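The values are calculated or read from the model by the stated rules, or taken from the named source; none is laboratory data. Treat the numbers as computed from the prediction; the structure is a model and nothing was measured. Positions of Cβ are backbone-derived with ideal geometry, glycine not excepted, and every protein chain shown enters the neighbour counts. To get the accessible areas, we keep the full protein, side chains included, count just its heavy atoms, and leave off ligands, DNA and RNA. Shrake-Rupley method; radii C 1.70, N 1.55, O 1.52, S 1.80 Å.
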Amino acid sequence: MVTWTDFERATIQDIFSKIDYDIVGPGALSRCLIVYPWTQRYFGSFGNLYNAAAIASNPKVAAHGKVVLGGLEKALKNMDDIKQAYADLSVLHSETLQVDPDNFKLLADCLTIVVASQLGKDFTPEVHAAFAKFLAVVVAALRKQYH
Ligand code: HNI
């Protein structure tokens, strides 16, 4: 069971209230596909992922980036039991999509970079630590079905 301080709870809520989902979701997913090109293998139906420009302007990547953020919002709304909230997502990623779970951390790192660039000076070390903890719990919940 994960415990959250009041600061962490307030900070995570605050981050999500400040970020633009239409920028962060697509930005993080396209960054992940560009920087870690092996992650492209799961998105064979998304069409042209030939180079960075193609990935950044691919509408399916953008749409799926927003879906991923919708997934994070589910974690936000269920902070006291993210594992349970993510049970189906974990089964989907492990058994149906067969995503290598190491990739979750890579996408989480890309999300951190894009959120940091959105928040600017508000992304203090304390805010970074709270967001890193949130993403670590999300990644652990996604990995649950793999154990
Ligand atoms: Ni992921 C589908 C959330 C990491 C590959 N993913 C989803 C869906 C959500 C989601 C939500 C939609 C589920 C549904 O339709 O019911 N994915 C998340 C979250 C993370 C994550 C919150 C980590 C922060 N997914 C990853 C990673 C990969 C990945 C790292 C591959 C590298 N996900 C997929 C694929 C699909 C998917 C592939 C199906 C896409 C489609 O539409 O065909």
Evaluated over the range 1-137, the Cα radius of gyration and Dmax, each in Å: 15.0, 45
Listed peptides 20-29, 5-14 by packing density, highest first (mean Cβ within 10 Å): 20-29, 5-14
Centre separation in Å (Cα based) which lies between the range 1-47 and the range 76-91: 16
Check: the range 90-135 dipole with +1 on Lys, Arg Cβ and -1 on Asp, Glu Cβ, in debye: 160
Carbon/sulfur fraction of accessible area - the range 4-147, other protein chains in place, 1.4 Å, %: 56
Using θ = phi - 60° and Karplus 6.51 cos²θ - 1.76 cosθ + 1.60, couplings along the range 133-139 (whole Hz; Gly, Pro as x): 5, 4, 5, 5, 5, 4, 4
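Rounded to the nearest 500 deg cm²/dmol, what is the calculated helix-only ellipticity per residue at 222 nm for the chain, with -39500 (n - 2.57) per DSSP H run of length n ≥ 4?
Dividing the helical sum by the residues of the chain leaves -21000 deg cm²/dmol.
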Vicinal HN-Hα couplings computed from phi for the range 114-126 (Karplus, 6.51 cos²θ - 1.76 cosθ + 1.60; Hz; Gly/Pro x): 6, 5, 4, 6, 6, 7, x, 5, 6, 8, 6, x, 5
Electrostatic dipole magnitude of the range 1-43 [Cβ: Lys, Arg +1; Asp, Glu -1; Cα centre; debye, to 20]: 260
Accessible area in square angstrom per residue, the chain, 1.4 angstrom probe: 54
Given charges at beta-carbon only (K, R positive; D, E negative), |dipole| of the chain in Debye: 280
Dipole axis of the chain (+1 Lys, Arg; -1 Asp, Glu on Cβ), positive-most option in V61, S17, F134: V61
Highest-fluctuation residue, K121, K133, K83 considered, GNM on the chain with Cα pairs under 10 Å: K121
Computed over the chain: relative contact order in percent, which uses C-alpha pairs under 8 Å that are six or more apart: 34
